[in-house]
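Undergrad: Let me give you the structure first, and then I'll get to my questions.
The values are calculated or read from the model by the stated rules, or taken from the named source; none is laboratory data. Remember, it's a predicted structure, so these values are computed and weren't measured experimentally. Every residue, glycine among them, receives a Cβ derived from its backbone with ideal geometry; neighbour counts consider all protein chains shown.
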Amino acid sequence: MLYMSLVPHVDGPRLRAFWHDQIAADFRDFRFTWGGFAFWTGVVIAAFLIAAVVTLYFLDWNQMRAPLSRYASHRFGRPVRIEGDLNVDIFRRQPHISVGNLFIGNPAGTPEPQAARIVRADLEFRLWPALFGNLVLPLVALERPDVRVLRTADGRSNWDGGDGRGGWKLPPIQRFLVREGHLEITDAVRRLNFIGTVSSREEAGGGNAAFQLAGDGTLNANKFNAEIHGGPLINVDQSVPYAFNAEVHSGPTHVVIDGQIAHPFHLDQFGARMSAMGQTLSELYYLTGVTLPGTAPYRLNGTLKRDGARYSVADLTGTVGSSDLHGDLAVDASQNIPNLGGHLSSRVLNFDDLGPLLRGGKTVSQAGAYLLPDVALHTERLRQINAEVDFDADAIRSRDFPLRGLSTHISVQGGVMRLKPLAFSFSAGKLSGTLSIDARKDVPVTNVDARVTDIHIEHFIKSDDKPLSGLVEARAQLQGLGNSVHKAASSANGVFTAVVPQGAMKKSLAEWAGVNVLSALGLTLAGDRSGTALHCAVMHFGAKDGVLASQQIVLDTDPTRIDGHGTVNLKDETMNVTLQGKPKHFQFLHLNAPITMSGKLASPGLGVDSKPAIAQGAIGAGLGLLSPFAAILAFIDPGLAKDVNCAGLLEGAKGQGAPVKDSAVNKAQAAQPAR
């Protein structure tokens, strides 16, 4: 303005020349100083700040809804819209933001458009810490939020962080309110569905339970309720652990947690004492995502710890059924498929408690009419976890089997579960082998390779009068399809071989098997308990489509050689086996009446096939027409049956996979000439 007052009133060319000379003179006189630079820089910044403050003060924030929505949509990769009023009050120590009718959509490719809708969201933050990058939220209030958590069968989800791997790290919240919240969780991978309400509040003077977060609804049709309690959030110090306790009821499952978050609002690190009880461990899958077997009712305690993506339960103690359980487990959830590892043990395992493992946690009445359970097992869950877990039991309590202990390693990798080795020890002998379930496809494939070695058959006979004795060696190699034990058995293919290299049989039983009527009746009436040598016995079955057909059944005793044939149908669990005794010595009264074993496997019936005896009687009657004494000829057996080549039988059974020892074969060879 000063220049303008001094400028003479001249024409255009002379005026331009004047300004040129004046500006050039000013630059010739200019001298740079840091003080001047700082002064003018401050003036410029102050001007911008004043302009910004004035702009923000008079700004109509509703005009910013569209730009902010576009920015948020781009930032989070999903549609975000502010459909209600947007009010911002920043001219206070704790700026306040209020958003009405906030819509958050799902990422592209998900079947539902909405992830969340909030009728009203209020947020306050502390201005001074925020200017230095430290966000503190005195208030977060959500009015009627409607949140829908979704995961499709191919693993795509509509959540970003907090998926169980890294854990949420939230800024400090001093007051967190949720009013009339609605939550739906649909997880096609875990087959989980939750519908319920969520609310939170903070009560003055509530002490350690001042803050309360509650959820209520249904989880897979079971009533669900969860409550979390903690101290007042306003007093939270990020350098001091925050104590909390939680209680969850999901159907018959009840979990109580009492612990501390190491750094409040950083949910990736905490430790707690935990207790859980329920009808079967498999139902914890919906709460934890960890695949566990069906079991008897349980009650467990342990120390739960989370460190980032690693969860662990140490000092696990409790009972499953009437069996004790101890050990440590850890889950690494850093990958798409979590990894479970650890060791579990029982001092005394009740064998009856293993039943629910096969029935998927169901009771006997729920398991169906079959001896082998037909309840569908959750084999699809094997595709959702990898595991390496050891289990052993020092002692086993069993009503039916003389068991001593159990040891196995459970491996689950890529949807295939293997129990290798799987070893039961008996008072004498053991059952060992491998079991695998391949669940990579919808219809699982089960393979069993089980060996029985050095087991005394008399230990499995409860009566004091032991009709049989001797070592049993057996092997089953079977493969079946289906998601239940019965379905897998009903389609089984493979072989089963059982061998008694040497033993003893009650003499009267051997005579009855040969239908030596006079001798067997006399021994029975006399109460004779003497035995006769069982030189060897071999049973070999081939399985096809669930039917075991005999390929060889031979028992060799001193008085009788017994041959048999028949089938065992695992589809309807029936058997039809015939044993025909052939005497080795002259018999004056011999009936041609094979012994039959038929009916349900659970309660087979023992009988006599009368048809050959009727034919034998008809022949006798015909001979009786010639002479009364000639009729007796039809019932006389010269006893021409030969001794069995036991060495050859045992060697053949060994070639078919039976665990026959070379010493047994050599012993049979040495004994052969003497017979």
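Undergrad: Pairs please, first residue from segment 50-64 and closer than 20 Å to Ile82 by Cα, second anywhere and modelled with pLDDT of 70 or more, Cβ atoms under 6 Å, 6+ apart in sequence or on different chains.
TA: The qualifying pairs are Trp61/Leu86; Trp61/Val88; Asn62/Leu86.
Undergrad: Further, regarding this structure: Give the residues of segment 128-162 that are among the aliphatic types (A, V, I, L, M) and either at positive phi or in contact with a Lys or Arg (Cβ under 6 Å, 6 or more places away or on another chain) (or both), sorted by residue number.
TA: Listed by number, the residues that qualify are Val136, Leu139.
Undergrad: Here is a further query. Answer yes if at least one residue in segment 16-32 is modelled with pLDDT of 75 or more and either surrounded by 10 or more Cβ atoms within 10 Å (Cβ to Cβ) or of a type in the set (Lys, Arg) (or both), and no otherwise.
TA: Among the residues of segment 16-32, not one is modelled with pLDDT of 75 or more and either surrounded by 10 or more Cβ atoms within 10 Å (Cβ to Cβ) or of a type in the set (Lys, Arg) (or both), which makes the answer no.
Undergrad: Can you pull out every residue in segment 258-296 that is surrounded by fewer than 19 Cβ atoms within 10 Å (Cβ to Cβ) and among the acidic types (Asp, Glu)?
TA: Asp258, Asp268
Undergrad: Given the criteria over 20 Å from Pro338 (Cβ atoms) and more than 20 Å from the chain's Cα centre (by Cα), does Pro264 qualify?
TA: yes
Undergrad: In segment 162-182, what residues are of a type in the set (Lys, Arg) and either more than 26 Å from Gly133 (Cα to Cα) or at pLDDT 90 or above (or both)?
TA: Matches in segment 162-182: Arg179 only.
Undergrad: Name the residue that is modelled with the highest pLDDT, counting only residues in segment 124-149 that are in contact with a Pro (Cβ under 9 Å, 6 or more places away or on another chain) and part of a strand (DSSP E or B).
TA: Glu124
Undergrad: Among the numbered criteria (1) at pLDDT below 90; (2) touching a strand residue (DSSP E or B) at 6+ places or on another chain (Cβ under 9 Å); (3) assigned to a loop (DSSP other than H, G, I, E, B), which one does Gly84 miss?
TA: The single condition Gly84 does not satisfy is (1).
Undergrad: Provide a single number: the residues in segment 405-464 that are buried (at least 17 other Cβ atoms within 10 Å of the Cβ) and at positive phi.
TA: 3
Undergrad: To continue, here is another question. Determine, yes or no, whether Ala221 is under 24 Å from Ser199 (Cα atoms), aliphatic (A, V, I, L, M) and surrounded by fewer than 18 Cβ atoms within 10 Å (Cβ to Cβ).
TA: yes
Undergrad: Scan segment 394-439 residue by residue and report those that are among the small types (Gly, Ala, Ser), at pLDDT below 90 and assigned to a loop (DSSP other than H, G, I, E, B).
TA: Residues satisfying the conditions are Ser398, Ser427, Ala428, Gly429.
Undergrad: All but one of (1) in contact with a Gly (Cβ under 9 Å, 6 or more places away or on another chain); (2) farther than 23 Å from Gln212 by Cα hold for Trp159; state the number of the condition that does not hold.
TA: Failing condition for Trp159: (1).
Undergrad: Collect the residues in segment 631-674 that are at pLDDT below 70 and loosely packed, with under 14 Cβ neighbours inside 10 Å, keeping them in residue-number order.
TA: Leu633, Ile636, Pro638, Leu640, Lys642, Ala670, Pro673, Ala674, listed by residue number.
Undergrad: Against the condition in a helix (DSSP H, G or I) and β-branched (Val, Ile, Thr), how does Ile234 come out, does it pass?
TA: yes
Undergrad: All but one of (1) modelled with pLDDT under 80; (2) part of a strand (DSSP E or B); (3) touching a Pro at 6+ places or on another chain (Cβ under 6 Å) hold for Met505; state the number of the condition that does not hold.
TA: (3)
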